[in-house]
Every structure is written in structure tokens, then in C-alpha cells.
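Asker: I'd like to ask some things about the structure below.
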Amino acid sequence: MPIITLTTDFGHKDHFVAALKGTILGALDEVDIVDISHGISPFNIQECAYVLKNAYQHFPKGSIHIVGVDSEKSPENEHLVVVLDGHYFVSANNGVMSLIASDSELEKVVEINLPNAETDSFPELKVFAQVACHLARGGKLEVVSKPFENFKKLKDFEPRVTNEGRTIVGNVIYIDNYGNVVTNIKKALFEAYRNGRDFEIIARTNKIRNIYNNYNGIINYGLDKNQRKGPGDALALFNASGYIELAIYKSDLKTVGGASTLLGLGYRDMITINFI
């Protein structure tokens, strides 16, 4: 059964997600539609790339991914199909695919070419869904596309190593549903420069001197409960995607707050690691 995933900034208040799903279901007898996220911040290409990059790799090859963020067509934002790692991405030429493919080679990039396609403010419905359904039926990509040369590339934030290898300067690239703050500093880079040294992570006025592999790594179960660190305490960890993440243990962004609010961190804010 073909798989079509949806990643958009539509939210859930409006009719857009339901209309898109209904169109796909009406066009295909059998299909699995998977919501990756509809909570991407409006027009936030970097956030979309982070979520989709860390999700698509867990789907079978041949999956089709509709990317509905900043998708309105213009002379500078063409509609594309990108083939990456055996997956099909139906997207706009807004740079999101260059961020998703930052660690991989693109297999193919073509421009969508549908005869008599409607151009309006909902291209995911009128264009992307039609192309995705064609591919899901086993249709050839060449039938709905033409060659394309002007693939837009965005450069992702890259951490900087300074002070003769004693300092790594990174940035916040994503804030999740819990308010946890994901940096662009990967575990591999951290370990390459650590060389067994102690360190401190500086986030505004906050300093963290340990990194764990999971959230409850902060808890010393050998201590009595009233002596342990726990809910409300700040920690750093290597998250499941291999990035350094700052969190508040068992936080709730909607009530007591999360790392983003309690540590005062936002998108692009600086995070510094000093090796001592």
C-alpha cells in the first residue's frame, strides 16, 4: 500500500488538512496517509526541515512526502519533486529540501508540469496531491514533470569551533512541544573536540556541566527521593537525532514552562560550550 505523508504549517483549526486528506482518499483506492506534523510555525522553513529530516528516514523507501510550508507558486518559488534516499518529496523550491538533504546527495530534482493545473492559494490541494497520487499509482515521474536547473539552496546554521578548539559556539534550531531546546551542535562534533576534558554549556546566564543520553539521566536513583534532582531541573542531553538538547525535566510549556521559557532561549539564540 502506498504511503503519503503530510508536513504542513496548517494547524488544526481550519479545513486545509481535512480537504487535503479527502482529496487523496478520493483519488486512491488504497493509501496510508500519515501526518508528520501540522504544527510547523508559519513559513518556518528551518523548523519544517528539522522535523521532516528526522522523520522521513523511518519510512519505507518509495514513500511520498507532501511538504506544505511556504508553497504558493511564484517565479521564485517553483513547484518541485525531489528524489532523496529513495523517497519522493513534493515541495516548493523555497530551500527546505536543501536543508533536509544537507547530509545526502539528491537523486533527482524536477519541476512539476501539470497541464491545465490551477494556480491558487492552496497548491497542496490542486497540485501536490495530484502529483502524489500519480506517483502512488506507480506513474512515471516524467509524466508530471520537466527538467529543472535552479534548485534553491539554503545554508543551515553551522556551529563554529573557536579558541583553538576549546570552544564550540552553536545556535538554537528547534523548540519542541515540551519547550525543549535543540541546538545545531551534534554529538559527533562535541566528542571530537572534548578529548576527555570537563566542559560547561552556557545558555544566557545558565551553566550546565553534564550531558546525559536520556532525560532521566539527571536522576541519581541511589539517593533518597528528597535529595535527587528531578522535575523542574535543567539538563542537557544528546537527543535521539544526535543533537545536544537543553531541557527542563518533565516540563510542561503550557503550565510551568519549558527550557525555552525558563532559560530564556529562542530560535537562533547562541549556545556556547567551553572545554576546561
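Asker: Quick check: is even one residue across segment 49-56 crowded, with 17+ Cβ neighbours inside 10 Å, of a type in the set (Lys, Arg), at pLDDT 95 or above and not assigned by TED's automatic domain parsing to the domain that holds Ala240?
Answerer: Scanning segment 49-56, I find at least one residue that is crowded, with 17+ Cβ neighbours inside 10 Å, of a type in the set (Lys, Arg), at pLDDT 95 or above and not assigned by TED's automatic domain parsing to the domain that holds Ala240, so the answer is yes.
Asker: If you don't mind, there's one more thing I want to ask. When both residues are 6+ apart or on different chains and their Cβ atoms are under 9 Å apart, which pairs have a first residue that lies in segment 4-23 and is among the polar types (S, T, N, Q), and a second that is crowded, with 22+ Cβ neighbours inside 10 Å and in a loop (DSSP other than H, G, I, E, B)?
Answerer: Thr7/Ile40; Thr7/Val69; Thr8/Ile40; Thr8/Val69; Thr8/Ser71
Asker: Listed residues Gly179, Gly170; which is crowded, with 17+ Cβ neighbours inside 10 Å, within 21 Å of the chain's Cα centre (by Cα), in contact (Cβ under 8 Å) with a residue 60 or more places away in the chain and in a loop (DSSP other than H, G, I, E, B)? Reasoning before the result, please.
Answerer: On the way: Gly170 fails: in a loop (DSSP other than H, G, I, E, B).
Exactly one residue qualifies, and that residue is Gly179.
Asker: Do you know which residues across segment 154-182 are at negative phi, among the polar types (S, T, N, Q) and out of contact with any Phe, Trp or Tyr (no Cβ under 6 Å at 6 or more places or on another chain)? So that I can check it myself, show each step before the final result.
Answerer: If we filter segment 154-182 for residues that are at negative phi, which is where we start, we get 154-162, 166-178, 180-182.
From the residues that got through so far, the ones that are among the polar types (S, T, N, Q) too are 162, 167, 171, 177, 180.
Thr162, Thr167, Asn177, Asn180, listed by residue number.
Asker: Something else: Across segment 239-276, what is the number of residues that are assigned to a strand (DSSP E or B) and not polar (S, T, N, Q)? Before you say what the answer is, go through the steps one by one.
Answerer: Of all residues in segment 239-276, those assigned to a strand (DSSP E or B) come to 243-248, 252, 257, 270-275.
Those left that are additionally not polar (S, T, N, Q): 243-248, 252, 257, 270-271, 273, 275.
Adding up the residues that qualify gives 12.
Asker: Which residues, taken from segment 106-141, are in contact with a strand residue (DSSP E or B) (Cβ under 8 Å, 6 or more places away or on another chain) and without any contact (Cβ under 8 Å) to a residue 60 or more places away in the chain?
Answerer: Leu106, Glu107, Lys108, Val109, Val110, Glu111, Ile112, Asn113, Pro123, Val127, Val131
The values are calculated or read from the model by the stated rules, or taken from the named source; none is laboratory data. Bear in mind that the values here come from a model prediction, so they are computed numbers and not experimental data. Please note: Cβ atoms are built from the backbone with ideal geometry, for glycine as well, and neighbour counts cover all protein chains shown.
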